[in-house]
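The values are calculated or read from the model by the stated rules, or taken from the named source; none is laboratory data. Remember, it's a predicted structure, so these values are computed and weren't measured experimentally. As a convention, Cβ positions derive from the backbone with ideal geometry for all residues, glycine included, and neighbour counts pool all protein chains shown. Only protein heavy atoms, including side chains, enter the accessible area calculation; ligands, DNA and RNA are left aside. Shrake-Rupley method; radii C 1.70, N 1.55, O 1.52, S 1.80 Å.
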Amino acid sequence: MTIFQIPFRHSGSGIKGATGSGLATGLVWASVVAALAFIVVYPIVKLIVFSFTARTGATFDNYFYAFGRVRYLEALWNSLLYGAATTLVATLLALPLAWGFARTKMPGKTLIRAGLLGTFVIPSYLGAVAWILLAGPNAGWINRAWMFLSGAENGLFNIYSFGGLVFVSALYAIPYIFVYVSDGLSAVSSEMEDAARMLGAGTIGVAVKITLPLVAPAIFNGCLIVFLDTIALFGTPAVLGLPAHFNVAAVQLLEFFEYPVRAEAAAAYSLPLIAITCLALWLQRVLRGRRSYESVTGRTSAHVGAASPAVEWILFAYAMLILTLAVVLPVACLAKAAFSVAWGRPLTLANLTITNFSELLSSTDAQRGIGNSLAIAALAATNAVALGICTAYAVARRVFPMSSVFGPISLGTLAIPGITLGIGFYSAFSTAPFRLYGTITIIVLAFSARFLPIAYGSCVSGLAAIGTQLEEAVRSLGGSQLTSVRHVIVPLLRKHLLSAWILVFILAIRELSVVVFLAGPGSRTISMLLLDYSEGGNLELTAALGLVLLAITLIVVIAGQALLGRDLLSPADKS
């Protein structure tokens, strides 16, 4: 039996009595199966096979080479250390923000949420460039101000250090933990906290002994996302870690592509990152399954006011400090450098210029990079959303036997770090018969696979709230399954689809860890140009291009918020 002959039966939550809608429906689902196999399954299988491949045939030599040197093993260990330290610091910084936002009447909540959205929008590697301007060992503005005021010979901070790397990475990881924890607190009943306060418990005691345990799953989920994202980061460790002689696995992988190229060894070296991710996801399931986190009643935390006015203002001041470090100072430094002849000179009329932007406008590489980034991000977002709604619908409505496997496959790239996925696509599509290496096509396909879980998750959450009655009405009037999807499901999911598209676009236009392994001379993106400019020491041009990237992203965010009626950090069901 082929997919074109499958009777499209529905049971349970599906549409009762519906039959197949013919060749068109069969072609759609065959295309979905083929797309999932092509951009998700095939690259993963090829990566594993590639790691055992040599010119002479199957071999383990790639693993002996990849793990036979102390420096390579140290890079893996450094990645774990870097991920753990960044997660710890980001959690410590984010928890007071999330608690204050959800459980107190702290002032400026709209401003704080907008600032955190700005923190999310700024790529961490661009934030690293800004912090070079701020806290470079001798030339950074903070250090120069310190030396001027104190008369010291050395600066106060050295951003080219493990501490500097963790600090910058943690600043831009705060939104992930904030969203998980603040939404978790908003959904948890506040009755136990109220009872504890009535019995004389203090604010800190209630938060530590009652509130935090109740939202432990949310905290763990946020920490998991930050840890997995951090160990796969390429840009920030390349900008700050290499000058500090702190090598991580993501940067080490790129060295395997230097002459002589050892791509097979890179494939072998990248597989432990998948194992680490799978282990972390398994640990999440184990920990969540061992105890219940349900609150006693269904009353949520609509009532806030768990802190005194003094504490609320302290929390507000703390939030402003975090936003100043993550957004205000970095953006101000980038703007100053972008409009300067030399970023280290004082801000005088003689040092002001628009030459950096003129150079970008006249540069063929910059023009091509901006155009490539816009095209790649738009195409990848469209592909991911289109495939995401198809797979989500197939799973939710069980449109044919075994359609439930679409879910795990669609979420499969969650277990694959971006750098590993990039190498997987290199191994799958760089040789005959595809020969796509260095093209825009391979980057679009890789981004579509990387961000498919976002689109799929958004569509699944939306479909869960849509009954089947409207679809049944369409089918009873002679409409096909495709007609019901096009005229019923898509319009009802338009905000979920738009939200997913915008989020994928924002992530794709700044993505570096995947594109660095796949781009060629004609397919370079803004993120790669930023890395090249910063490594070349042209921080003024880096800052100008960084502002262009932020401006594009800001336009998309503002347009999205106007259409959605909410900010991107808010759950879709609150729109």
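Structure notes:
- Selection status of A84, farther than 30 Å from A337 by Cβ and of a type in the set (G, A, S): yes
- Extreme residue, modelled with the highest pLDDT, among residues of the range 171-202 that are small (G, A, S), surrounded by 19 or more Cβ atoms within 10 Å (Cβ to Cβ) and not in a helix (DSSP H, G or I): A173
- Annotation note: of T87, T53, the sole residue that is polar (S, T, N, Q) and within 23 Å of the chain's Cα centre (by Cα) is T87.
- The residue that is most open to solvent (accessible area, probe 1.4 Å), counting only those in the range 518-541 that are farther than 20 Å from P330 by Cβ and assigned to a loop (DSSP other than H, G, I, E, B), is P521.
- Of residues in the range 465-488 being of a type outside the set (A, V, I, L, M, F, W, C) and within 17 Å of A386 (Cα to Cα), the one modelled with the lowest pLDDT: Q481
- Qualifying residue in the range 443-464 (condition: in a loop (DSSP other than H, G, I, E, B), at pLDDT below 90 and out of contact with any Asp or Glu (no Cβ under 7 Å at 6 or more places or on another chain)): yes
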